[in-house]
Amino acid sequence: MNWLTNVVRPKIRNMLRRETPENLWIKCPDSGQLVFYKDVEANQFVIPGSNYHMRMGAVARLKSIFDNETWFDVALPDVTPDPLKFRDEKKYVDRIKDARARTNLNDAIKVGYGKLEGAAVVVAVQDFDFMGGSLGMAAGEAIVRGLELAVEKKSPFIVFAASGGARMQEGILSLMQMPRTTVAVQMLREAKLPYIVVLTNPTTGGVTASYAMLGDVQIAEPGALIGFAGARVIEQTIREKLPEGFQRAEYLKEHGMVDMVVHRHELRPTLARLCRLLTKAPATENASKPAQPVTSPAQIVSAAETAPAAPHA
């Protein structure tokens with residue numbers, strides 16, 4: 001045995017070896033182009049060459065919307081983690097634990113309260129990475145709490161929808177969130193406050209059949225898949241070939257289901273402009289600049305029953 005060759009060299013080689021992150025490069029699903037992850041992240045998860053809009057996590061989405069990337073996390077009601085004691089290939093409670101560890105989220109929806117170009121707004125973001133953004137009791141409670149907070153604060157409510165539908169592990173309790181969220185939206189409407197929905201890729205199932213299609217203004221990101229049932233199921237049901245681009249944002253805009261398709265880079269100023277128009281608020285001089293919060297964190301936490309401030313600078 002050669003000690004220098006078989007022992008020393010491998011140890012030195014292991015010391016010099018660097019682990020390459022799995023997501024260092026991203027392949028564009030549209031063009032097949034390989035793009036450096038940091039470049040995509042800096043571009044709000046839009047592929048620079050093809051303009052393909054990739055999925056965006058809840059925290060990254062909130063950063064892109066609120067002034068100074070600062071907001072207050074809204075404390076959400078606790079729900080029973082596994083009401084039906086459901087189990088398929090693995091226990092439902094274990095699936096939730098895995099999703100929480102992977103995403104650092106408590107459930108599929110995160111709600112924040114902060115400023116958008118100087119005006120107070122409540123924003124709810126559905127994260128598809130958390131069990132496909134499925135609508136369960138926790139997600140339903142998050143939407144309802146966000147709408148209640150918007151009424152309390154007399155501010156617009158903006159929701160970013162991204163979901164595969166209702167969460168089957170919660171059965172009928174999941175389906176009950178559809179009428180519950182619909183009633184909460186009506187409560188906001190009676191208060192004459194704006195409700196703006198941003199449909200991202202994908203938005204399907206029970207979410208589409210409830211709060212995702214009840215906005216005063218329906219916005220979609222380019223290329224987003226939006227619908228209730230899948231295209232293959234529809235084709236098999238009606239026994240006809242569906243037109244090209246069916247259930248995509250641009251097709252739905254042409255047929256009146258969506259009001260506008262907005263590029264992610266233009267989303268923030270568009271939302272701010274809509275909020276000003278719908279609330280009849282005057283345009284501020286520094287509307288295009290991030291504004292500092294005018295209310296102290298202690299006042300917001302006390303009034304809105306929010307969690308401690310979550311600045312993500």
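The values are calculated or read from the model by the stated rules, or taken from the named source; none is laboratory data. In this text the structure is predicted, and so the values were computed from the model without any measurement. Every residue, glycine among them, receives a Cβ derived from its backbone with ideal geometry; neighbour counts consider all protein chains shown. To get the accessible areas, we keep the full protein, side chains included, count just its heavy atoms, and leave off ligands, DNA and RNA. Shrake-Rupley method; radii C 1.70, N 1.55, O 1.52, S 1.80 Å.
Here are the numbers for the structure shown:
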item: Residues (farther than 20 Å from M54 by Cα and part of a strand (DSSP E or B)) located in region 124-157; result: L135, F157
item: Residue pairs meeting the criteria (Cβ under 8 Å; at least 6 apart or on separate chains; first within 12 Å of Q177 (Cα to Cα), in region 198-210; second of a type in the set (G, A, S) and in a helix (DSSP H, G or I)); result: G206/S174; V207/G133
item: Considering residues of region 44-57 that are in contact (Cβ under 8 Å) with a residue 60 or more places away in the chain and out of contact with any helix residue (DSSP H, G or I) (no Cβ under 8 Å at 6 or more places or on another chain) only, the residue nearest to M137 (Cα to Cα); result: R55
item: Residue that is modelled with the lowest pLDDT, among those in region 266-288 that are within 22 Å of R61 (Cα to Cα) and open to solvent by 80 Å² or more (accessible area, probe 1.4 Å); result: S288
item: Qualifying residue in region 74-87 (condition: under 24 Å from V198 (Cα atoms), at pLDDT 95 or above and not in a loop (DSSP other than H, G, I, E, B)); result: yes
item: Failed condition for D107, given (1) of a type in the set (D, E, K, R); (2) more than 11 Å from the chain's Cα centre (by Cα); (3) outside any loop (DSSP other than H, G, I, E, B); result: (3)
item: Test: residue in region 168-178 that is touching a Ser or Thr at 6+ places or on another chain (Cβ under 6 Å) and crowded, with 20+ Cβ neighbours inside 10 Å; result: no
item: The lone exception for L84 - which of (1) closer than 24 Å to P202 by Cβ; (2) in contact (Cβ under 8 Å) with a residue 24 or more places away in the chain; (3) surrounded by fewer than 18 Cβ atoms within 10 Å (Cβ to Cβ) it fails; result: (1)
item: Per-region count, region 133-167, residues open to solvent by less than 10 Å² (accessible area, probe 1.4 Å), over 12 Å from the mean Cα position of the chain (by Cα) and free of Cβ contacts under 8 Å to residues at least 60 places away in the same chain; result: 8
item: Any helices (runs of 4 or more DSSP H) falling wholly within region 189-270 and containing at least 3 residues that are among the hydrophobic types (A, V, I, L, M, F, W, C); result: 231-238
item: Restricting region 226-240 to residues that are open to solvent by less than 50 Å² (accessible area, probe 1.4 Å) and hydrophobic (A, V, I, L, M, F, W, C), the residue that is modelled with the highest pLDDT; result: I226
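Residue by residue, here is whether (1) at pLDDT 95 or above; (2) open to solvent by 10 Å² or more (accessible area, probe 1.4 Å) holds:
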site	(1), (2)
F36	no, yes
E41	no, yes
A58	yes, no
S64	yes, yes
D67	yes, no
W71	yes, no
